[in-house]
Amino acid sequence: MKIKSITTHRLRVPTGDKAFYSSQAAFPERNSCLVAIETDSGLIGWGEGGQYGPGQPVATCIDEVLGPRLIGRDPTEPVRIWEELYAFSRDFGRAGPYIDAMSAIDIALWDIAGQAAGLPVWKMLGGRFRDRVTAYATGCYYPPNYQNLPAVLKALEAETAGYVGAGFDLLKIKIGLLPLEQDLERIRVIRETIGPSIGIMVDANHGYNAGNAVRMGHMMAPFDVRFFEEPVPPEDRDGYRKVRAEVPIPIAGGECEFTRYGFRDFIGGGCVDIVQPDIAACGGLTAFTQILTLANTYGVATVPHVWGSGVAVTAALHAVAVIPAFPHTANPTPLLNQPVIEFDRTHNPLRDDLLEEDFVLEEGKLKIPEEPGLGLDVREEVLSRYRY
Ligand code: CA
């Protein structure tokens, strides 16, 4: 079996009146780059990369540089191909669009390899530890009128009550855009709305310096925060270490890191308690399994970051399936020592409508796919609606 063609799909979804803010920016649109790799035997593998920013640079890396090198190659050797592409692009790649592109290619190759073997990707990766995984809702972004605090608090009550009603036991909210006292008020209202038993995690999207992250960590600790994500910018390794040493909440991060080399410094440098590689950014499933081993070796838990289309969510479900309970106990508990999956709840038809398969939340859990490969089918009409 040989690779016959590689097709990129640059996707963009305007969020319109559902636009929202993190601490960093407004999100007037959602972006991604999907890749479809076709073999001479007719199998098609799907992958995704570069969902943080525009899809064009990622598509260009695939179309102009990496993709042509793969024509005629055996698609059932994703690890070998990863190493060769990385070595080839080392002098000009190593992070950003090139690794996003390699992520997309790698996910698609694992999809093909699984289909060719008649095995789901999680089985190709060594076997799953679970057939369902607890999902956490990612929401509580900031509305465009975020400076109107009473209106913001009222909207948060309705939004968080909806997550509890849908069956979520874990909820991740945004902080970092407003002054500390106002974000603390948002956390207080959410805690009061959802009660004491639902887990709250917070994500600052690197909106603080280390001193203020420590201050905020102490302020919000009484609200039983399960982890504090991206307290400081990803480049600020010393800041991460300071926050981790001084804040009584587990520290999470890693969505802006790339490959085992970036994660070696991040994990080995003592920056986090929970590492969050994004399968569609860190270098695909090949890089993910390496990062998982690295994290486990250093005593760090792994909970993937998930932000992309249905393709990225599906790849993440296969990845989460192969994460061992960490550390092992006779009664693994979600997030305490059992991995969970991020389930973004903002408006995104690329996640909700692109695939024939639906992500169905049952008792707060998502099912791990059982079909060979990734086990997904892309709807052509949805793809063409958002392609540019
Ligand atoms: Ca995040």
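The values are calculated or read from the model by the stated rules, or taken from the named source; none is laboratory data. Being a predicted model, the structure only gives us computed values, none of them experimental. When we count neighbours, we look across all protein chains shown, and the Cβ atoms used for this are built from the backbone with ideal geometry, even at glycine. Only protein heavy atoms, including side chains, enter the accessible area calculation; ligands, DNA and RNA are left aside. Shrake-Rupley method; radii C 1.70, N 1.55, O 1.52, S 1.80 Å.
Which of the following residues is part of a helix (DSSP H, G or I) and within 13 Å of the chain's Cα centre (by Cα): PHE288, PHE266?
Selected residue: PHE288, the only one of PHE288, PHE266 that is part of a helix (DSSP H, G or I) and within 13 Å of the chain's Cα centre (by Cα).
Which one of these is crowded, with 21+ Cβ neighbours inside 10 Å and part of a strand (DSSP E or B): ALA319, ALA281, ALA252?
ALA252
Among the residues of the range 357-388, what is the count of those that are out of contact with any strand residue (DSSP E or B) (no Cβ under 8 Å at 6 or more places or on another chain) and open to solvent by 20 Å² or more (accessible area, probe 1.4 Å)? Spell out the reasoning first.
So the first thing to find is which residues in the range 357-388 are out of contact with any strand residue (DSSP E or B) (no Cβ under 8 Å at 6 or more places or on another chain), and the list is 357-358, 363, 380-382, 384-385.
Within this subset, residues satisfying the condition of being open to solvent by 20 Å² or more (accessible area, probe 1.4 Å) are 357-358, 363, 380-381, 384-385.
Residues meeting the conditions: 7.
Every residue, every condition in (1) away from the ligand (no atom under 16 Å from the Cβ); (2) touching a Pro at 6+ places or on another chain (Cβ under 6 Å); (3) touching a residue at least 60 places away in the same chain (Cβ under 8 Å), yes or no:
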site	(1), (2), (3)
MET216	no, no, no
ASP236	no, no, no
GLU246	yes, no, no
GLY254	no, yes, no
GLU257	no, no, no
TYR261	yes, no, yes
PHE266	no, no, no
VAL272	no, no, no
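Can you name the condition, by its number, that VAL360 falls short on among (1) away from the ligand (no atom under 16 Å from the Cβ); (2) closer than 30 Å to ARG12 by Cα; (3) in a helix (DSSP H, G or I)?
The single condition VAL360 does not satisfy is (3).
Return the residue satisfying two criteria in turn: it lies in the range 169-184 and is in a loop (DSSP other than H, G, I, E, B), touching a residue at least 40 places away in the same chain (Cβ under 8 Å) and touching a helix residue (DSSP H, G or I) at 6+ places or on another chain (Cβ under 9 Å), and of such residues it is farthest from the ligand (Cβ to nearest atom).
Only one residue fits best here, namely LEU177.
Within the range 191-204, identify whether any single residue is away from the ligand (no atom under 16 Å from the Cβ), of a type outside the set (Ser, Thr, Tyr), surrounded by fewer than 16 Cβ atoms within 10 Å (Cβ to Cβ) and closer than 21 Å to ASN148 by Cα, and answer yes or no.
Within the range 191-204, one or more residues are away from the ligand (no atom under 16 Å from the Cβ), of a type outside the set (Ser, Thr, Tyr), surrounded by fewer than 16 Cβ atoms within 10 Å (Cβ to Cβ) and closer than 21 Å to ASN148 by Cα.
Condition (residue is over 30 Å from SER197 (Cβ atoms) and either within 16 Å of the ligand (Cβ to nearest atom) or open to solvent by 10 Å² or more (accessible area, probe 1.4 Å) (or both)) applied to the range 130-145: is it met by at least one residue? Break it down into steps so the answer makes sense when it comes.
Pass one, the range 130-145, residues over 30 Å from SER197 (Cβ atoms): 144-145.
Still in the list and also either within 16 Å of the ligand (Cβ to nearest atom) or open to solvent by 10 Å² or more (accessible area, probe 1.4 Å) (or both): 144-145.
Looking for residues that are over 30 Å from SER197 (Cβ atoms) and either within 16 Å of the ligand (Cβ to nearest atom) or open to solvent by 10 Å² or more (accessible area, probe 1.4 Å) (or both), one finds at least one in the range 130-145, hence yes.
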